[in-house]
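Below: the structure, in structure tokens.
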Amino acid sequence: MIDDVDRVLERLQRSDFRRRFRLRLAEKQYLDKRGLEVILSHGQDFIEQRLAPAEPQNDGKQTPMRNHPVFVAQHATATCCRGCLEKWHQIPKGRALTAAEKDYVLEVIRRWILAQHHL
């Protein structure tokens, strides 16, 4: 699966839209203050509430573009909505995410944050 993460992150870097996302100073400071583990626990909650259901509320518009490192990472890694998950990660819409898929999404987010912030 880590191989898959590497491949998808490489593909995402070729997207002009995905490549433009970066952590701003405020998001980096929030990450420094809270720590990676806390940020990733927030990420687990966001995935569970906003992404994992078969039909998430406001799908396609449920993830803010900024103000939390995970939100920025989700847009950069195409883990922001079920449509992007299907297009970029081949995780089909219309059914709830499995535990393995939720772990995969969190790992993609974690790797992007680490690359951005060099923790």
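I want to check the label-to-label distance for ALA26 and SER41. Put each point 7 Å from Cα in the C-beta direction and report it in nm to one decimal.
2.4
Take every Cα pair under 8 Å in the chain that's 6+ residues apart, average their separations, divide by the length, and report that relative contact order as a whole percent.
32
Can you work out the Karplus-derived ³J(HN,Hα) for every residue in the stretch 24-41? Use 6.51 cos²θ - 1.76 cosθ + 1.60 with θ = phi - 60°, whole Hz, and x for glycine or proline.
So the Karplus estimates, Gly and Pro as x, are 7, 4, 4, 6, 5, 5, 4, 4, 4, 5, 8, x, 4, 4, 5, 4, 5, 5 Hz.
Where in the stretch 39-61 is the amide nitrogen less than 19 Å from a point lying 7 Å along the Cα-to-Cβ axis of LYS33?
Residues 39-43 qualify, since their backbone N sits under 19 Å from the label point.
Just rank LYS87, LYS33, fewest to most, by other beta-carbon atoms within 10 angstrom. Walk me through the numbers on the way to the answer.
Numbers: LYS87 12, LYS33 9.
Listed from fewest to most nearby Cβ atoms, that is LYS33, LYS87.
How far apart, in nm, are two points set 7 Å out from the Cα along the Cα-to-Cβ line at ARG95 and at ALA115?
For the pair ARG95/ALA115, the computed spacing is 2.9 nm.
Can you divide the C-alpha Rg of the chain by 2.2 N^0.38 Å and report the result to two decimal places? Don't skip to the end; give the middle numbers.
On the way: Rg = 13.1 Å, N = 119, 2.2 N^0.38 = 13.5 Å.
For the chain, the normalised Cα radius of gyration comes out at 0.97.
Report the relative contact order of the stretch 50-119, percent, no decimals, based on alpha-carbon pairs under 8 angstrom and at least 6 residues apart. Mind dumping the intermediate values first?
Numbers: 75 pairs, mean separation 23.9, N = 70.
Value for the stretch 50-119: 34 percent.
Could you give each residue of the stretch 87-92 its phi-based ³J(HN,Hα) in whole Hz, using Karplus coefficients 6.51, -1.76, 1.60 with θ = phi - 60°, and x for Gly or Pro?
Per-residue couplings from phi come out as 5, 8, 10, 6, 9, x Hz.
Taken together, the values in this text are just the output of simple stated rules run on the coordinates, not laboratory data. Everything numeric in this text was worked out from a predicted model, so none of it was measured. In this analysis, Cβ positions are derived from the backbone assuming ideal geometry, glycine residues included, and neighbour counts consider all displayed protein chains.
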